[in-house]
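**Q** Before we start, here is the structure in question, set down as structure tokens.
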Amino acid sequence: MPPRVCDDYWSEFRHCKSLWNRFHHYYTHGTSPSCKQWKVDYRNCSEWEKHKTTEAKEALQASERCRVAEQRKFPPVWNLRKDPPRDWNLPLNQGKPQD
């Protein structure tokens, strides 16, 4: 079974090609989005479901691994705390102006 349903790849491709997404991507990154990989993944998924070819399976798995690795490449925005602050249980200074 594929990592995702094949319709998910097609939905991602359609979203990528939408006018709103193209505008947003161009505004954010200064380039048009490349939607080619979503279409290739959809074709590989369909090929895998219909004909059970190992080439399509391996290509789809490699694409998913690259996608996950790309997402993990960015560090988290916030640093996670190991312990709560020492004064977490004290009342807040809501009535006093802050410096």
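**Q** Rounding to the nearest 10 and keeping the result within 0 to 90°, find how far the Cα-based axis of helix 36-51 lies from the longest principal axis of the chain.
**A** 60
**Q** Taking only Cα atoms, what is the 0 to 90° angle, nearest 10, from helix 19-29's long axis to the longest principal axis of the chain?
**A** 60
**Q** For region 51-73 and region 20-34, write down the distance between their C-alpha centroids in whole Å.
**A** Distance between centres, Cα-based: 24 Å.
**Q** How far apart, in nm, are two points set 7 Å out from the Cα along the Cα-to-Cβ line at residue 78 and at residue 49?
**A** 3.8
**Q** Here's a follow-up. When Lys and Arg each count +1 and Asp and Glu each count -1, what net charge do the other residues less than 13 Å away from residue 33, Cβ to Cβ, add up to? Working shown, then result.
**A** On the way: positive: 14, 17, 22, 36, 39; negative: 12.
Spelling it out: positives minus negatives among the neighbours equals +4.
**Q** Got the relative contact order for region 17-63 handy, in percent, Cα pairs under 8 Å and 6 or more residues apart?
**A** Reported as a whole number, the value is 24 percent.
**Q** Contact order normalised by length for the chain, with contacts defined as Cα pairs under 8 Å and 6 or more residues apart; what percent is it?
**A** 24
**Q** In region 1-84, what is the count of Lys pairs whose alpha carbons are under 26 Å apart, counting only pairs at least 8 residues apart or on separate chains?
**A** 15
**Q** Find the eigenvalues of the gyration tensor of the Cα atoms of the chain, then list the square roots of 5 times those eigenvalues as equivalent ellipsoid semi-axes, largest first, in whole angstrom.
**A** Its equivalent ellipsoid spans semi-axes of 44, 21, 12 Å.
**Q** Helix 6-17 against the longest principal axis of the chain: what's the angle in degrees, Cα atoms only, rounded to the nearest 10?
**A** On a 0 to 90 degree scale, this one is about 70.
**Q** No partner Cβ under 4.7 angstrom, meaning no disulfide-compatible partner by this rule: which Cys of the chain qualify?
**A** For the chain, the answer is 66, because their Cβ atoms have no other cysteine Cβ under 4.7 Å.
**Q** Using a simple spin-label model with points 7 Å from Cα along the Cα→Cβ vector, what separation in nm is obtained for residue 24 and residue 36?
**A** It is 2.4 nm.
**Q** Figure the gain on full extension for residue 87 and residue 66 (residue separation times 0.36 nm, minus the Cα-Cα span) and round it to one decimal in nm.
**A** Answer, rounded to one decimal: 3.2 nm.
**Q** Another one. Leaving out ligands and nucleic acids, and using a 1.4 Å probe, what accessible area per residue does the chain come to in Å²? Write down the numbers at each step before the final one.
**A** Numbers: 9150 Å² over 99 residues.
That works out to 92 Å² for each residue.
The values are calculated or read from the model by the stated rules, or taken from the named source; none is laboratory data. Here the structure is a predicted model, which means the values were calculated and not measured. Cβ atoms come from the backbone with ideal geometry, glycine included; neighbour counts cover every protein chain shown. Ligands, DNA and RNA are excluded from the accessible area calculation, which covers all protein heavy atoms including side chains. Shrake-Rupley method; radii C 1.70, N 1.55, O 1.52, S 1.80 Å.
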